[in-house]
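Where a number appears in this text, it was derived from the coordinates with a stated rule and is not lab data. Note that the structure is a prediction, hence the values are computed from the model and not measured. Cβ coordinates were reconstructed from backbone atoms using ideal geometry, including for glycine residues, and neighbour counts include every protein chain displayed.
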Amino acid sequence: MIKCRLKVVLAMNEMTQKELAERTGIRPPTISAMANNSAKHYPSDVLDKICSVLHCNVGDLLEYIPAEEE
C-alpha cells in the first residue's frame, strides 16, 4: 500500500491545504484527496509542484507500507 504523508509534511511546513492549493495551482479537492489518502493516483506533475513548494522529495510525501503491516 502507498500512503501519502502530505498532512505531515504540510504540518512541518506550517502550511494549510488551501495555501498549498493557492501556491501550486492544484485544485483543492486534489490536495484534499492526497492528504486524506483517498487519491487513486499521484500524477507526476502534481507531485513536482508540491515538492517544489514544500522543498521536499517525493519520498517525503509517499511511503510504501507492505501488506502485512496494514
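One table, with the values for the structure above:
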| item | result |
| --- | --- |
| 222 nm mean residue ellipticity, helices alone, for the chain (DSSP H n ≥ 4; -39,500 (n - 2.57); rounded to 500) | -14000 deg cm²/dmol |
| Structure-derived Cα Rg over 2.2 N^0.38 Å - corresponding label in [x] 1.20; [y] 1.13; [z] 1.05 | [z] |
| Sites matching GluC sites (Glu not before Pro) across region 2-32 that sit in DSSP coil, with at most 12 neighbouring C-beta atoms within 10 Å | E14 |
